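Every number in this text was worked out from the coordinates using simple rules, so none of it is lab data. Remember, it's a predicted structure, so these values are computed and weren't measured experimentally. Methodologically, a virtual Cβ is constructed for each residue, glycine included, from the backbone with ideal geometry; neighbour enumeration extends over all protein chains shown.
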Amino acid sequence: MPIPHLSPGDRVRVTVSATLVRSGPGCLELSPRTYIEFESEDDLEVEVLDGRFRRGDVATDGTRTLMRTVVVRDSGTEAYWTAPDGSVVRDAEVPPGALRLLLRIA
């Protein structure tokens, strides 16, 4: 996705989905080839993804809210996302890196 024209003072949210390579004071190194430098940890909001999404998780892809649905049948387990209008969204339609977890019920 191209970066829009930005001006000093614009408020932005940058989302990066990556794997942590190294963490140090004022710096995160992520793969692939992403480096984040910061002066204060208060400037960052870091969400650690613990692997796959679970049944009942609520996430957003930026345009809609989705709920993780898991159905267990004799033929196996099927997992997908359900949109508010009841439509089914398959994993291949939404890359996991595009999803932001909103709610997880323990």
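Here are the numbers for the structure shown:
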{"read-out": "Order by protection proxy (mean Cβ within 10 Å, highest first), peptides 28-34, 69-75", "value": "28-34, 69-75"}
{"read-out": "Listed residues Thr77, Thr65, Thr15, most fluctuating in the chain (Gaussian network, C-alpha, under 10 Å)", "value": "Thr77"}
{"read-out": "FRET E, pair Asp10, Val46, Förster distance 25 Å, beta-carbon r, rounded to 0.05", "value": "0.70"}
{"read-out": "Rg/Rh ratio calculated on Cα atoms of the chain (Kirkwood radius)", "value": "1.04"}
{"read-out": "Length gained when the stretch Phe38-Ser87 is fully extended (0.36 nm per residue, less Cα-Cα span)", "value": "13.6 nm"}
{"read-out": "Highest average packing first - 81-91, 52-62, Cβ atoms within 10 Å", "value": "52-62, 81-91"}
{"read-out": "Potential lengthening between Arg100 and Thr60 on full extension [0.36 nm per residue; Cα-Cα distance subtracted]", "value": "13.9 nm"}
